[in-house]
1. Can you tell me which residue is surrounded by the most Cβ atoms within 10 Å (Cβ to Cβ) among those in region 80-94 that are closer than 20 Å to Asp130 by Cα and touching a helix residue (DSSP H, G or I) at 6+ places or on another chain (Cβ under 9 Å)?
2. Which residue pairs have Cβ atoms closer than 6 Å, lie 6 or more positions apart in sequence or on different chains, and pair a first residue in region 138-163 that is touching a residue at least 12 places away in the same chain (Cβ under 8 Å) and surrounded by 14 or more Cβ atoms within 10 Å (Cβ to Cβ) with a second residue that is assigned to a loop (DSSP other than H, G, I, E, B) and of a type in the set (Val, Ile, Thr)?
3. Give the residue that is surrounded by the most Cβ atoms within 10 Å (Cβ to Cβ), with candidates limited to residues of region 108-134 that are assigned to a helix (DSSP H, G or I) and of a type in the set (Val, Ile, Thr).
4. Taking region 108-130, which residues are more than 20 Å from the chain's Cα centre (by Cα) and either under 15 Å from Leu164 (Cα atoms) or among the acidic types (Asp, Glu) (or both)?
5. Residues being in contact with a Pro (Cβ under 8 Å, 6 or more places away or on another chain) and in contact (Cβ under 8 Å) with a residue 24 or more places away in the chain: count how many of those fall in region 79-106.
6. Please find, within region 66-107, the residue that is nearest to Arg55 (Cα to Cα) out of those that are charged (D, E, K, R), outside any loop (DSSP other than H, G, I, E, B) and more than 15 Å from the chain's Cα centre (by Cα).
7. Being among the β-branched types (Val, Ile, Thr) and not in a strand (DSSP E or B) is the filter; apply it to region 38-65 and report the residue that is surrounded by the most Cβ atoms within 10 Å (Cβ to Cβ).
8. Of all the residues that make up region 126-153, how many are among the hydrophobic types (A, V, I, L, M, F, W, C), under 17 Å from Tyr90 (Cβ atoms) and either modelled with pLDDT under 95 or out of contact with any Leu (no Cβ under 9 Å at 6 or more places or on another chain) (or both)?
Amino acid sequence: MTKLKQWIAVILLIVSVGFLIRTAFFQTESPASSEPFWVVYFASGEDVYLQPEMRTGSPTLGDRLQALVNGPQNKSLRPILPEGTQVINYQVEGNLILVNFNAALVENHPGGSSAELITVYGLVNTLTEDAQIEYVRILVEGRSIATIAGHVDLSQPLSRDESLIGAR
């Protein structure tokens, strides 16, 4: 019986050493990044819902807006802003951001209720990822507009709406 206990002890020792060696030398997981992540929302490939795209760093509101203007890095996603759209300026008033776009936002918009919802809430949800922003007001050429394409009321500041966000 003591021989059996000795063999069991040897086998357990070998298994333990093997596990320690594997853990120490063959680590398969990369260390977690110390850089913070932030989210920009773009259209899914079918333009049906918003899809988050992760970025690293600590963005300013200007960085978030520029990311929307530049479009997605992931080729399976689509931009939410029409071609030629530029941010003229933006202003923060407490928990509200007023974003002033050039006329291309309206003139080059493809129209339709789904496309307008994706444009508006891709912008709003991206900007409200910043802890200080709760509301977004969209201006074009310095003026308030009623709507971009006739479907979403822009006469009042808008708050976050996650109902259009797909895979998170």
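The values are calculated or read from the model by the stated rules, or taken from the named source; none is laboratory data. From a predicted model like this one, the values you see are computed outputs, not experimental measurements. Neighbour counts are summed over all protein chains in view; Cβ atoms, including those assigned to glycine, are modelled from backbone coordinates with ideal geometry.
1. Ile80
2. Here the result reads Leu154/Ile145; Leu154/Thr147; Arg160/Thr128, each pair linking region 138-163 to a residue that is assigned to a loop (DSSP other than H, G, I, E, B) and of a type in the set (Val, Ile, Thr).
3. To start, the set of residues in region 108-134 that are assigned to a helix (DSSP H, G or I) comprises 113-127.
Restricting the remaining residues to those that are of a type in the set (Val, Ile, Thr) gives 118-120, 124, 126.
On the way: Ile118: 23, Thr119: 24, Val120: 23, Val124: 24, Thr126: 27.
Among residues in region 108-134 that are assigned to a helix (DSSP H, G or I) and of a type in the set (Val, Ile, Thr), the one surrounded by the most Cβ atoms within 10 Å (Cβ to Cβ) is Thr126.
4. If the condition is that a residue be more than 20 Å from the chain's Cα centre (by Cα) and either under 15 Å from Leu164 (Cα atoms) or among the acidic types (Asp, Glu) (or both), then Ser113 is the only one that fits.
5. Going residue by residue through region 79-106, those that are in contact with a Pro (Cβ under 8 Å, 6 or more places away or on another chain) are 79, 82, 96, 104-105.
So of that shortlist, the ones also in contact (Cβ under 8 Å) with a residue 24 or more places away in the chain come out as 79, 82, 96, 105.
So the count comes out to 4.
6. The residue in question is Glu93.
7. The extreme case among them is Val48.
8. Residues flagged as among the hydrophobic types (A, V, I, L, M, F, W, C), under 17 Å from Tyr90 (Cβ atoms) and either modelled with pLDDT under 95 or out of contact with any Leu (no Cβ under 9 Å at 6 or more places or on another chain) (or both) within region 126-153 amount to 1.
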